[in-house]
Amino acid sequence: MRVPIIAGNWKMYKTPAEAAEFVAELLPALAEFSTVERVVCPPYIAIPGVHAALKDSPVKVGAQDVYFEEEGAFTGRISPRMLEGLVEYVIIGHSECRRDYKDTDEIVNKKVKAALAHGFKPIVACGESLEQYEAGETASFVAQQIRGAFADITAEDALKTVVAYEPIWAIGTGRNASAELANDIVGGVVRKALVDLYGTAIADQIRIQYGGSVKPDNMADYMGQSDIDGALVGGASLKVASFTELVRITAETRG
Ligand code: PGA
């Protein structure tokens with residue numbers, strides 16, 4: 001059985017002080033939903049404080065990105081070594097990183113390998129642009145992103161990953177993909193690409209999230225789908241009430 005996973009991607013929101021205040025309120029609110037894996041991904045600078053506050057708690061910490069080198073003259077980057085002991089998950093290949101930092105599939109693959117080598121669980125993000133969606137290129141593009149991200153990754157390591165399917169046209173736009181469409185892509189494209197790489201027995205164990213304008217009022221639709229195993233959430237993860245509601249709905253829908 002795939003345990004549902006809800007991860008909050010805070011993006012460039014919350015100072016360390018705001019993060020501390022937030023998790024102090026979030027932790028008791030999320031404590032009871034033990035059937036759902038709960039993850040928060042603060043900005044780097046807030047990670048040590050959030051890690052300390054959530055230590056020994058059921059709420060896990062993730063980073064929003066990681067560089068693939070161990071150390072060196074890479075201004076502004078954070079290496080996997082620096083995150084050791086602080087996070088369990090690392091988001092890799094978010095469309096904003098692909099757009100702003102020119103993360104290609106090859107770079108995404110290097111980051112996935114570096115994260116795995118340091119014992120982190122990558123949340124590998126994929127998803128097509130509006131132009132690609134309208135041109136009917138979603139399936140071929142997303143499958144290629146998966147093949148690229150997972151190149152030379154063993155089945156054993158693939159099992160440590162989570163994939164997040166996030167159509168770019170749905171991120172932060174309020175224009176979410178319908179639950180049926182999202183499920184079709186998650187099952188028919190993302191999981192299918194994983195089946196092609198690793199076989200059904202492995203692919204069936206890898207969790208795939210949907211992301212893009214997930215809100216309390218559309219969450220039950222997503223969680224009611226056969227192939228969607230959780231959500232990667234931006235905006236709605238920034239408030240204790242809405243993030244808790246997403247986790248509550250997931251627990252309720254998935255039992
Ligand atoms: P959103 O962001 O929930 O604000 O659309 C999702 C994401 O970028 O992970």
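The values are calculated or read from the model by the stated rules, or taken from the named source; none is laboratory data. This one's a predicted model, so the numbers in the text were calculated from it and none came from an experiment. Note that we place each Cβ from the backbone using ideal geometry, even for glycine, and neighbour counts take in every protein chain shown. In case anyone asks, the SASA skips ligands and DNA or RNA and just uses the protein heavy atoms, side chains included. Shrake-Rupley method; radii C 1.70, N 1.55, O 1.52, S 1.80 Å.
Worth a mention:
- When the stretch 1-123 is reduced to its Cα atoms, the Kirkwood hydrodynamic radius in Å: 14.9 Å
- Given charges at Cβ of Lys, Arg, Asp, Glu: the stretch 120-237 dipole, positive-most of Val162, Gln225, Gly148: Val162
- Per residue solvent-accessible surface (Å²) - the chain, probe of 1.4 Å: 43 Å²
- Choice from Val186, Val162, Val195 with maximal GNM fluctuation in the chain (Cα, 10 Å cutoff): Val195
- Estimated dipole of the stretch 195-251 in Debye, rounded to 20 [Cβ of Lys and Arg +1, of Asp and Glu -1, Cα centre]: 300 debye
- Here the stretch 152-213 has an Rg and Dmax of 12.6, 37 Å, counting Cα atoms alone.
- Shape index of the chain: Rg/Rh, with Rg the Cα radius of gyration and Rh the Kirkwood radius from the inverse mean 1/r over Cα pairs, equals 0.93.
- Fully extending the segment from Lys215 to Ser34 would add 63.1 nm, taking 0.36 nm per residue of separation and subtracting the current Cα-Cα distance.
- For the stretch 181-255, alpha-carbon Rg over 2.2 N^0.38 Å: 1.16
- Residue-span extension gain [Asp56 to Phe74] - 0.36 nm each, minus C-alpha spacing: 3.2 nm
- Computed log₁₀ I(q)/I(0) - Debye formula, equal Cα scatterers, no solvent, the stretch 29-95, q 0.21, 0.23 Å⁻¹: -0.88, -1.00
- Comparing Asn183, Asn218, Asn109 in a Gaussian network model of the chain where C-alpha atoms under 10 Å apart are linked, the largest mean-square fluctuation is found at Asn218.
- Of the residues Thr154, Thr200, Thr75, the one that moves most in a GNM of the chain with alpha-carbon contacts below 10 Å is Thr75.
- Percent carbon-and-sulfur accessible area, the stretch 30-159, ignoring ligands, DNA and RNA, probe 1.4 Å: 52 percent
- Of the Cα atoms belonging to the stretch 74-210, the radius of gyration and Dmax stand at 14.6, 44 Å.
- Percent of Cα-Cα distances greater than 12 Å, calculated over the stretch 117-164: 66 percent
- Cut-off 11 Å between beta-carbons: net charge of the residues surrounding Ser242, Lys and Arg +1, Asp and Glu -1: +1
- The chain - percent relative contact order, Cα under 8 Å, separation 6 or more: 21 percent
- Paramagnetic label zone (point 7 Å from Cα along Cα-to-C-beta, Arg175; backbone N under 17 Å) in the stretch 111-148: 127-138
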